[in-house]
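What follows is a single structure, written as structure tokens, with notes after it.
Please treat every number below as a calculation from the coordinates, not as lab data. For clarity, every value in this text was computed on a predicted model and none was experimentally measured. Cβ coordinates were reconstructed from backbone atoms using ideal geometry, including for glycine residues, and neighbour counts include every protein chain displayed.
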Amino acid sequence: MSDPASIIHVSELTKIFKVPEREAGLRAAAKSLVRRKNREVSAVDGISFEIAPGEVVGFLGPNGAGKTTTLKMLAGLLYPSGGEARVLGHVPSRRERDYLRRMTMVMGNRNQLQWDIPALDSFELNRAIYRLRREDFLEMRDELIELLDVGDLVRKPVRNLSLGERMKVEIVAALLHRPQVLFLDEPTIGLDVTMQKRIRTFVAEYNLRHGATVLLTSHYMADVEALCKRVIVIHHGRILFDGALSSLGDEFAAYKTIGVVLENGNAPLDEYGEIIHREEGRVTLRVPKAETSRVAARLLNDHDVLDLTIEEPPIEDVIELVFAQER
Amino acid sequence: MSVDAAELPVAQLREEGRWRSLLDFYLTTMRTAVAEQLQYRVTNYFYMLGMIAEPVIQLVVWTTIADQHGGSVNGITAGEFAAYYIVWTLVRNMNIVFGAPFWEWRIREGQLSGQLLRPMHILHYDLAYFAGWKFVVIGLWVPIAIGLSLVFKPDLHPTPLEIVVFVFAIWGAYLIRSMFQGVIGMLNFWTTRGAAVFDLYMATELLLSGRLVPLQLMPGWVQTLANFLPFKWTFGFPIEVLVGHMSPASLMLGLGVQVLWIGIGYVLFKFAWTAAIKRFSAVGG
């Protein structure tokens with residue numbers, strides 16, 4: 001049963017690809033003329049989740065985990081092999097016009113704008129494709145141009161824009177019809193830090209202004225930390241975690257870090273935990289989560305402590321741990 | 001249904017009437033195509049020069065043969081050959097569509113994914129884009145046609161009815177060819193060897209359409225066979241409308257046959273598209 005409050009409902013969604021396979025060499029090539037060998041690869045293996053209207057959810061996983069395949073199924077690009085998906089009440093694979101008018105998908109490594117003409121002409125084409133009233137189109141276009149600060153860029157032929165500039169005008173084009181659901185597949189890939197930040201700020205602003213639901217994949221944890229309260233971690237086509245980003249560490253990290261500055265900076269601390277960093281008197285220890293309080297108390301008891309902090313491990317490390325565990 | 005989407009707090013855009021919007025889409029896409037093509041003036045002229053090489057060679061060969069045979073071959077005079085091949089250049093350009101081989105590129109480069117995300121059928125997009133492109137080509141064709149006419153002196157005296165039918169026939173040819181090229185292009189969803197089928201299609205078209213030589217010069221059984229296949233209705237028929245001396249009934253019958261092939265092509269395209277899209281693996285992005 002789907003949650004009536006959800007805008008994206010996914011139940012046991014599966015995608016299996018048939019991949020041709022053969023050995024190297026002439027003999028194998030000749031053999032494949034007569035008999036082809038195929039292997040079935042399960043890219044998405046029965047995943048289920050619900051997303052509420054207005055949520056911004058990070059979809060995390062290593063390369064080949066099934067993130068993009070899932071997004072493509074939700075956008076209607078791929079037919080699922082099994083299970084069910086509903087977005088905005090529509091079955092995406094039917095690709096109904098009413099559905100396509102209310103969602104968008106931005107792929108960071110793909111350009112959908114006309115290459116040889118200014119982006120403004122592509123925007124105009126999108127106005128016609130999405131059947132927008134001119135006044136609505138102009139209002140939204142100008143709002144997006146302002147939000148992304150691309151006023152000077154939209155009159156240049158797209159081929160003359162840098163990667164980051166192209167991505168910004170690409171986003172403008174993708175949002176002209178005010179989609180209610182955004183699928184963002186690596187929207188900041190290959191961009192410099194400033195441009196990444198700009199796009200993150202924009203997505204957050206768009207979400208606030210229009211109440212849009214966002215499902216985002218990114219390899220940059222900064223994107224996820226800045227935008228997503230909730231993350232879904234996928235690996236080998238299966239969901240490993242679905243919950244608050246803040247609780248990811250609680251669930252998967254078996255350790256915490258203790259940063260300590262002692263009066264006697266050279267005191268040996270090996271017995272308290274694994275020393276992972278030592279710099280200018282400050283020592284960072286990795287200790288099992290369950291023993292954190294006891295180790296901190298011992299440190300305070302045994303030494304003259306000038307400063308002591310207990311921290312969760314960095315989110316990148318936690319994600320790495322999640323993938324490593326593959327439970 | 002998971003949610004009543006109408007209740008969502010997101011701004012909704014109003015939609016214009018369906019037919020008016022579709023017309024707007026066609027005109028906008030055609031304008032975009034013209035704008036894109038105008039970026040490459042030199043490329044366009046080289047393209048046109050390449051395009052007229054084939055008919056000019058044919059013209060020289062057939063007018064020479066006609067001169068050596070007392071002025072005509074199978075009843076076609078040198079002036080009629082000139083008319084045939086000059087009109088051929090326009091019909092050939094009208095017959096440029098989103099070609100079957102480009103479907104592979106479209107899939108591989110991820111272009112198809114982008115187009116699938118939009119609420120507009122790909123057939124509309126292809127038809128509109130290449131229709132716009134025609135206007136650039138026709139603009140470039142006019143001086144070339146004038147030049148060829150001055151050199152080869154075509155025997156061309158169309159009636160107003162023939163001119164009107166010709167205008168419809170060249171667009172009919174465009175639609176028929178778009179549908180069939182699309183169907184062949186979609187073979188790429190099933191096989192990576194779609195090019196072989198395309199080559200076979202092109203060879204058959206070359207012989208049975210009037211593209212290589214006027215069908216009048218072909219054996220009787222070939223002419224009969226050509227009547228029952230789509231190829232003639234994309235080349236030979238539109239040319240004959242203008243240069244031949246067809247009766248009004250034959251002109252109307254020809255247009256009717258074109259409509260029939262457009263219908264058959266559309267059904268095949270739709271059938272192929274519905275099946276193909278289920279096989280799409282979006283590998284290109």
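Considering only A:ILE276, A:ILE47, A:ILE199, give the residue with the highest GNM mean-square fluctuation for chain A, with springs between Cα atoms whenever their separation is below 10 Å.
Largest GNM mean-square fluctuation: A:ILE276.
Going by amide H atoms built from the backbone, whose H comes under 5 Å of the H on A:LEU60, apart from near neighbours?
Under 5 Å from the amide H of A:LEU60 lie the amide H atoms of A:ILE232, A:VAL233, A:ILE234, each far enough along the sequence or on another chain.
Which GluC sites (Glu not before Pro) does the range A:187-282 hold that lie in a coil by DSSP with at most 14 other beta carbons within 10 Å?
Details: sites: A:GLU205, A:GLU225, A:GLU251, A:GLU263, A:GLU271, A:GLU274, A:GLU279, A:GLU280; in loops: A:GLU263, A:GLU280.
The qualifying sites are A:GLU263, A:GLU280.
Looking at the range B:186-276, which chymotrypsin sites (Phe, Trp or Tyr not before Pro) are in a loop (DSSP not H, G, I, E or B) and have at most 14 other Cβ atoms within 10 Å? Provide the component values of the computation, followed by the final result.
Values: sites: B:PHE189, B:TRP190, B:PHE198, B:TYR201, B:TRP221, B:PHE228, B:PHE231, B:TRP233, B:PHE235, B:TRP261, B:TYR266, B:PHE269, B:PHE271, B:TRP273; in loops: B:TRP190, B:PHE228, B:PHE235.
Filter output for the range B:186-276: B:TRP190, B:PHE228.
Would you mind telling me the antiparallel percentage of the DSSP bridges in the protein assembly as shown, rounded to 5?
That works out to approximately 70 percent antiparallel.
Order these peptides, A:288-300, A:232-244, A:96-108, by their mean beta-carbon neighbour count within 10 angstrom, highest first. Present the calculation step by step, with values, prior to reporting the outcome.
Values: A:288-300: 14.5, A:232-244: 19.2, A:96-108: 21.2.
Peptide ranking by packing, descending: A:96-108, A:232-244, A:288-300.
Rounded to the nearest 500 deg cm²/dmol, what is the calculated helix-only ellipticity per residue at 222 nm for the protein assembly as shown, with -39500 (n - 2.57) per DSSP H run of length n ≥ 4?
Details: 22 runs with 312 residues, N = 612.
Value at 222 nm, helices only, nearest 500: -16500 deg cm²/dmol.
Give me the base-10 log of I(q)/I(0) for chain A at each q in 0.08, 0.13, 0.14 Å⁻¹, Debye formula, one uniform scatterer per Cα, rounded to two decimals.
The calculated log intensity ratios at q = 0.08, 0.13, 0.14 Å⁻¹ are -0.51, -1.01, -1.08.
Can you list the lysines whose alpha carbon sits under 17 Å from that of B:LYS134, skipping same-chain ones fewer than 8 residues off?
Filter leaves no residues.
Under 5 Å between amide H atoms, partner at least 5 residues away or on a different chain: which partners does A:ARG238 have, H built in plane at 1.01 Å?
HN-HN under 5 Å from A:ARG238: A:ASP45.
How crowded by other chains is A:127-138, given as the mean number of beta carbons from other chains within 10 Å of each beta carbon?
6
State which entries of A:LYS229/B:LYS278; A:LYS18/A:LYS67; A:LYS67/A:LYS197; A:LYS18/B:LYS270 exceed 30 angstrom in Cα-Cα distance in the structure shown.
Details: A:LYS229/B:LYS278 35 Å; A:LYS18/A:LYS67 18 Å; A:LYS67/A:LYS197 22 Å; A:LYS18/B:LYS270 25 Å.
Those over the limit are A:LYS229/B:LYS278.
So for the range A:254-311, Kirkwood radius off the Cα pairs, Stokes-Einstein at 4 °C and 1.567 mPa s: how many µm² s⁻¹?
117 µm²/s
Have a look at the DSSP beta bridges in chain A and tell me what percent are antiparallel, nearest 5.
Working: 43 of 61 bridges.
Taking every DSSP beta bridge with both residues in chain A, the antiparallel ones total about 70 percent.
Name the residue, out of A:LEU208, A:LEU153, A:LEU182, whose mean-square fluctuation peaks in a Gaussian network model built on chain A with Cα pairs under 10 Å.
A:LEU208
Tell me which DSSP H helices of chain B clear both cut-offs, 30 Å or more of axial length from alpha-carbon atoms and a mean Kyte-Doolittle hydropathy of at least -1.0.
Span-like helices here: B:41-68, B:122-152, B:160-185, B:248-279.
Could you identify which residue out of B:THR29, B:THR191, B:THR77 has the top mean-square fluctuation in a GNM of chain B using Cα springs shorter than 10 Å?
For chain B, modelled as a Gaussian network with Cα springs under 10 Å, the answer is B:THR191.
With unit charges on the beta carbons (Lys and Arg positive, Asp and Glu negative) and the dipole taken about the Cα centre of chain B, which residue among B:LEU161, B:MET179, B:GLY254 sits farthest to the positive side?
Of B:LEU161, B:MET179, B:GLY254, it is B:MET179.
Looking at the range A:218-265 from every direction and averaging, what is the projected area of its Cα convex hull in nm²?
Working: hull surface 21.2 nm².
So the Cα hull casts an average projection of 5.3 nm².
Using the alpha-carbon centroid of each, what span in Å lies between the range A:45-66 and the range A:104-180?
Between the Cα centres of the range A:45-66 and the range A:104-180 lies a distance of 26 Å.
Aspartates and glutamates within cross-link reach of A:LYS31: Cα-Cα under 15 Å, excluding same-chain residues under 8 positions apart?
A:GLU21, A:GLU23
List the residues whose amide H sits under 5 Å from the amide H of A:SER81, counting only those 5 or more places along or on another chain, with H placed 1.01 Å from N in the peptide plane.
Long-range HN contacts for A:SER81: A:THR14, A:LYS15, A:ILE16.
In the range A:10-87, which trypsin sites (Lys or Arg not before Pro) fall in coil by DSSP and have 15 or fewer other Cβ atoms within 10 Å?
Here the trypsin sites (Lys or Arg not before Pro) that fit, given the DSSP loop and packing criteria, are A:ARG22, A:ARG35, A:ARG36.
What is the Rg over Rh value, at two decimals, for the range A:20-133, using alpha-carbon atoms and the Kirkwood definition of Rh? Working shown, then result.
Numbers: Rg = 19.5 Å, Rh = 17.9 Å.
Taking Rh as the inverse mean 1/r over Cα pairs, Rg/Rh reads 1.09.
What is the mean projected area of the alpha carbon convex hull for the range B:169-285, to one decimal in square nanometres? Display every interim value, and only then the final one.
Working: hull surface 32.6 nm².
If I average the Cα hull's projected area over directions, I get 8.1 nm².
In square nanometres, what is the average projected area of the Cα convex hull of the protein assembly as shown?
Details: hull surface 149.3 nm².
With every direction weighted equally, the projected area is 37.3 nm².
Cross-link candidates for A:LYS156: which lysines have Cα within less than 21 Å, leaving aside residues fewer than 8 places away along the same chain?
A:LYS168
Per-residue HN-Hα couplings for the range A:234-241, Karplus 6.51 cos²θ - 1.76 cosθ + 1.60 at θ = phi - 60°, whole Hz, x for Gly and Pro?
10, 8, 6, x, 10, 7, 9, 7
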